[in-house]
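Colleague: First the structure, then my questions, so here it is.
Taken together, the values in this text are just the output of simple stated rules run on the coordinates, not laboratory data. The shown structure was predicted, so the numbers you read here are calculated from the model rather than taken from an experiment. We place every Cβ from the backbone using ideal geometry, glycine too, and count neighbours over all the protein chains shown.
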């Protein structure tokens, strides 16, 4: 069990590469569990419905695949992973294919990630294929600001 005191920064659980993909440099960031005193990050609880798996399919390219719901409880976990991964890449792909809900806190994380990526000269690409992600992006006008792709393969393979 990894426990944080109200935040999840630095909470990293190494995952064997075979468990998530054939890429040997893959990590999973399971953010789950909650106590009255703060946020707990555990491997077996499922109170917070989000998982983030990070892969590096090519030099300088990082893919953060998000699964679950991105709301005010889980957005800080996504933020922590995204900001940490921006430090070590030239292209960051946030794959939201398996996101069932994208709330305003999640949208705020994406906007912050976009600003931070620009500041660091990192290209940010979103995979936003499903209605649960595409609709909030469209309603807020973020499809005009953020670069979206219909699939992970398209996002990773797009020319930089």
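Colleague: Would you kindly state how much longer the chain becomes between residue 151 and residue 118 on full extension, computed as 0.36 nm times their sequence separation minus their alpha carbon distance, in nm to one decimal?
Modeller: 9.6 nm
Colleague: Which value results for Rg/Rh of the range 85-142 when Rg is the Cα radius of gyration and Rh the Kirkwood radius based on the inverse mean 1/r?
Modeller: Value, to two decimals: 0.97.
Colleague: Can I get the semi-axes of the range 45-100's equivalent ellipsoid? Compute them from the C-alpha gyration tensor as square roots of 5 times the eigenvalues, in angstrom, largest first.
Modeller: Those come to 21, 11, 8 Å.
Colleague: Residue 84 versus residue 135, label points 7 Å from Cα toward the beta carbon: distance in nm?
Modeller: 3.2 nm
Colleague: Continuing with this model, one more query. Please compute the alpha carbon radius of gyration of the range 45-156, then divide it by the globular-protein estimate 2.2 N^0.38 Å. Two decimals is fine.
Modeller: Working it through for the range 45-156, the quotient is 0.96.
Colleague: Expressed as a rounded percentage, what relative contact order does the range 45-155 have, with Cα pairs under 8 Å and six or more residues apart?
Modeller: In percent, rounded to a whole number, it is 24.
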